[in-house]
Amino acid sequence: FVTAIQLEVGETATPFEHESYDTTIQKCYRYYFKLFPAASQRNYLGTCYVKNSTQSRVVVTFPVPLRTVPTAIEETGTANDYATFVAGTETTCTAVPTYTSYGTANSQIAQFTSSGLTNGHAGDGRATDADGFLAWSAEL
C-alpha cells in the first residue's frame, strides 16, 4: 500500500492535508452517488407512496447535495432485481425503475408491479440483489 501522498500544482509545497475518509467520501458524493446492495441482501432505496395498483413512487435522498442537477443517470439489472415493500408484503417489479424527476437533493423513481398495491399506502422501494443499482452523476 502507498499512503500519505499529496500532489501539488506548481513548485511550492503546501502543508500536508490530513482528511478523514468520511470527509473525502462526502466530497465524492457531490459528483457521483450510487445505491446498490451487497450480495444476497435487500437494499433500501427510499420511502415510497403508492400511486395506483401497479405503480409506486420512491424518493431517494442523496447523502449530500449534488454539485448540480445530475447530467447522467444509471440503472442496471432486471425487473426482478427491484421490489416495492408495502404493508408487510414485498412485490417484485415488472420493469426496471424509471426516473421521474431529480434535483440536487433527491430523486424520484417509479417502480412498476403487475398488481396488488393500494393507492395512498406508503412503504419503501428496494433493490433485491447485487445485480440492481441506481446511480446519479453530476460530473464536471
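Structure values in brief
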item: Carbon + sulfur, % of accessible area of the range 1-129 - ligands and nucleic acids excluded, 1.4 Å; result: 53 percent
item: Net charge, Cys28 excluded, C-beta distance under 15 Å - Lys, Arg +1, Asp, Glu -1; result: +1
item: From phi via Karplus (6.51, -1.76, 1.60), per-residue ³J(HN,Hα) for the range 115-126 in Hz, x at Gly/Pro; result: 4, x, 8, 10, 3, x, 6, 10, x, 9, x, 9
item: Those GluC sites (Glu not before Pro) in the range 1-98 that DSSP places in a loop and that have at most 11 other beta carbons within 10 Å; result: Glu8, Glu11, Glu17, Glu19
item: Excluding exposed DSSP-loop trypsin sites (Lys or Arg not before Pro) (at most 16 other C-beta within 10 Å), longest clean stretch of the chain; result: 68-140
item: Accessible area expressed per residue, the range 61-140, with surrounding protein chains retained (probe 1.4 Å, Å²); result: 46 Å²
item: Neighbourhood charge, 13 Å Cβ-Cβ cut-off, centred on Ala110 and excluding it, Lys, Arg +1 and Asp, Glu -1; result: +1
item: Candidates Thr54, Thr89, Thr23: whichever shows maximal mean-square fluctuation once the chain is modelled as a Gaussian network with Cα springs under 10 Å; result: Thr23
item: Fluctuation leader among Gly123, Gly88, Gly77 - the chain, Gaussian network, Cα springs under 10 angstrom; result: Gly88
item: Summed residue charge, Cβ within 14 Å of Ala79's Cβ, Lys/Arg positive, Asp/Glu negative; result: -4
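The values are calculated or read from the model by the stated rules, or taken from the named source; none is laboratory data. In this text the structure is predicted, and so the values were computed from the model without any measurement. Because the Cβ atoms are built from the backbone with ideal geometry, glycine has one as well, and the counts that use them run over all protein chains shown. Heads up: the accessible areas ignore ligands, DNA and RNA and are worked out on the full protein's heavy atoms, side chains in. Shrake-Rupley method; radii C 1.70, N 1.55, O 1.52, S 1.80 Å.
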